[in-house]
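Contents: one structure, followed by commentary.
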Amino acid sequence: MRGIEYVNDVLLQVERRNSGEKEFNDAVKEVLTSIAPVLDAHPEYIEAGILERVVEPERQIFFRVPWVDDQGKVQVNRGYRVQFNSAIGPYKGGLRLHPTVNASIIKFLGFEQIFKNSLTGLPIGGGKGGSDFDPKGKSNGEVMRFCQSFMAELYKHIGPDTDIPAGDIGVGGREIGYLYGYYKKLRNASHMGVLTGKGLNYGGSLTRTEATGYGLVYFTEEMMNANNISFSGKKVVISGSGNVAIYATEKATELGAKVVAISDSNGYIYDENGVNLDAVKEIKEVKRGRIKEYLDYVPTAEYHEGCRGIWHIKCDVALPCATQGEIDLESAKVLITNGTKVVSEGANMPTTLDAIEELQNAGVLFGPAKAANAGGVACSALEMSQNSMRLSWTFEEVDAKLKDIMTNIYKNSAEAAKEYGCEGNILAGANIAGFIKVADAMMAQGIV
């Protein structure tokens, strides 16, 4: 059987078993369609049923999360943890708290995490979790009670050598602290390596807050340099205003770029003089406010309601760092018309499949999420290493390791693309490089 025939058979099976789960089906299709040349070169993967196994989670845990709000009313949310693949190490992946969270989104994120983690070169498998709980507008007490109820079930399924959650959308230092505190109480043990993204005073790592945003820029810089482009003097648009967007803005600015727009779920700001990052940090990290408050700091800036309009701003480099599916086909066409040269993903699958195809056909350099935003989980694995050794590295040490990892991810992806006949297609190269490592580990471990 040829590789593409095998891929198509498995895709039909996935669609049948996961009917209506668009995000998950899209994620599987994106990966599998790009690795057909690998399957042609390695028919042993087909014989061993690697694809049928890699698309099926090893374990899915769905559970009820009851908690009491400040008015004394009982609220009930749904919790998820999908332990997708442990071939190269314990499950590793974040927890997302957002009202849109459902089984499809958690599964798509967990599937992506398998190959993202593989690309880092570190011994971590793929997993993901979260809840449809929305921390926005909740008091600290409400967030704490939710986190404690969530951990009352989750603790049974995680551990420093089993499954190590971290943060994602809606889960920052506050939430990780509440989760870890309750885990420690339930276990009566200080398993520091069970969660990453912890505070610096209880086992956290320097650079972890900056890691995904810095890593995105390090990867993108390497991709641009390979094509004789640099960040210096470039106009950049970045969606989102969480950790990824903030620290991508910081690093891109350090490299000589001008970031002119940033957003949140309500709208976006445009500042032709370059975004005032101190103002954004004050609004988002201190006040937990909305991005429209930026006008209180820089009255000359513009604020626009709605998120998608941000991609109509002319720019050289677009870094989507908000959420999945934010660059659709229409937005991709606008970016191309406006002369955008680079699109690199800081969020998880923020570009739809048809938009990716449009960008690549137009010659736009495209950095896929599983490669470009792997800096966060890479630094999480470095945090795990420090916890295991009971020591802390300096900011500079961790940052240097992070940059090396992101540089190697680009190089390995580019080399894999060239080896398998799709030179220049970094999306395909990242899928191939990430897949081969996992597939070889699965082959070595038998049918499990």
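The values are calculated or read from the model by the stated rules, or taken from the named source; none is laboratory data. Just so it is clear, the structure is predicted and the values come from calculations on it, not from any experiment. Here Cβ is always computed from backbone atoms with ideal geometry, including for glycine, and neighbour counts include all displayed protein chains. The area values use the complete protein model at the heavy-atom level, side chains included, leaving out ligands, DNA and RNA. Shrake-Rupley method; radii C 1.70, N 1.55, O 1.52, S 1.80 Å.
Of all residues in region 205-256, those satisfying the criterion of being over 29 Å from PRO165 (Cβ atoms) and touching a Cys at 6+ places or on another chain (Cβ under 7 Å) are LYS235, VAL236, VAL237. Which one is nearest to GLY89 (Cα to Cα), of the residues in region 364-393 that are open to solvent by 60 Å² or more (accessible area, probe 1.4 Å) and not basic (Lys, Arg)? Filtering region 364-393 for residues that are open to solvent by 60 Å² or more (accessible area, probe 1.4 Å) and not basic (Lys, Arg), the one nearest to GLY89 (Cα to Cα) comes out as SER388.
Suppose we keep only residues that are of a type in the set (Asp, Glu) and in a helix (DSSP H, G or I) within region 12-35. Which one would you say is nearest to SER104 (Cα to Cα)? For region 12-35, the residue satisfying everything is GLU23.
Looking for something open to solvent by less than 20 Å² (accessible area, probe 1.4 Å) and hydroxyl-bearing (Ser, Thr, Tyr) - is there at least one such residue anywhere in region 419-428? Within region 419-428, not a single residue is open to solvent by less than 20 Å² (accessible area, probe 1.4 Å) and hydroxyl-bearing (Ser, Thr, Tyr).
Within region 195-215, take every residue that is surrounded by 19 or more Cβ atoms within 10 Å (Cβ to Cβ) and of a type in the set (Ser, Thr, Tyr) and give me the one that is nearest to GLU250 (Cα to Cα).
TYR214
Residue-level analysis places THR323 outside the set of residues that are free of Cβ contacts under 8 Å to residues at least 40 places away in the same chain and not in a helix (DSSP H, G or I). The set of residues in region 47-90 that are among the aromatic types (Phe, Trp, Tyr) and open to solvent by 30 Å² or more (accessible area, probe 1.4 Å) contains only PHE62.
Got at least one residue in region 174-194 being at pLDDT 95 or above, buried (at least 20 other Cβ atoms within 10 Å of the Cβ) and closer than 26 Å to ILE313 by Cα? No. Considered as a group, the residues in region 133-161 that are farther than 17 Å from VAL76 by Cα and in contact with a strand residue (DSSP E or B) (Cβ under 7 Å, 6 or more places away or on another chain) include one that is surrounded by the most Cβ atoms within 10 Å (Cβ to Cβ), and that residue is ILE158. Residue count for region 270-279 under the criterion of being in contact with a Phe, Trp or Tyr (Cβ under 7 Å, 6 or more places away or on another chain) and not in a loop (DSSP other than H, G, I, E, B): the result is 1. So, in region 282-312, of the ones that are within 25 Å of the chain's Cα centre (by Cα) and not in a helix (DSSP H, G or I), which residue ends up modelled with the lowest pLDDT? Of everything passing the filter in region 282-312, CYS307 is modelled with the lowest pLDDT. Right, GLY242: under 23 Å from the mean Cα position of the chain (by Cα) and modelled with pLDDT under 95 or not? Yes, satisfied.
Scan ILE262, ILE164, ILE238 and give me the residue that is of a type in the set (A, V, I, L, M, F, W, C), buried (at least 19 other Cβ atoms within 10 Å of the Cβ) and without any contact (Cβ under 8 Å) to a residue 60 or more places away in the chain. On inspection, the qualifying residue turns out to be ILE262. Of the listed requirements (1) closer than 25 Å to THR120 by Cα; (2) open to solvent by 20 Å² or more (accessible area, probe 1.4 Å); (3) in contact with a strand residue (DSSP E or B) (Cβ under 9 Å, 6 or more places away or on another chain), ARG290 misses just one: (1).
So the check is Cβ under 8 Å with 6+ separation or different chains; which pairs have a first residue in region 207-230 that's part of a helix (DSSP H, G or I) and a second one that's open to solvent by 10 Å² or more (accessible area, probe 1.4 Å) and of a type in the set (Gly, Ala, Ser)? Going by the 8 Å Cβ cut-off, the qualifying pairs are GLU221/SER230; MET224/SER230. Checking the stated criteria, GLY93 turns out not to satisfy the condition of being surrounded by 24 or more Cβ atoms within 10 Å (Cβ to Cβ), in contact with a Phe, Trp or Tyr (Cβ under 7 Å, 6 or more places away or on another chain) and under 20 Å from THR323 (Cβ atoms).
Among the criteria (1) assigned to a loop (DSSP other than H, G, I, E, B); (2) more than 19 Å from the chain's Cα centre (by Cα); (3) at pLDDT 95 or above, the one LEU39 does not fulfil is (1). Scanning region 339-361 for residues that are closer than 18 Å to ILE313 by Cβ and open to solvent by 40 Å² or more (accessible area, probe 1.4 Å) returns a single hit, LYS341. One residue stands out among those in region 398-430 that are more than 18 Å from THR220 (Cβ to Cβ) and in contact (Cβ under 8 Å) with a residue 40 or more places away in the chain: the one that is nearest to the chain's Cα centre (by Cα), which is VAL398.
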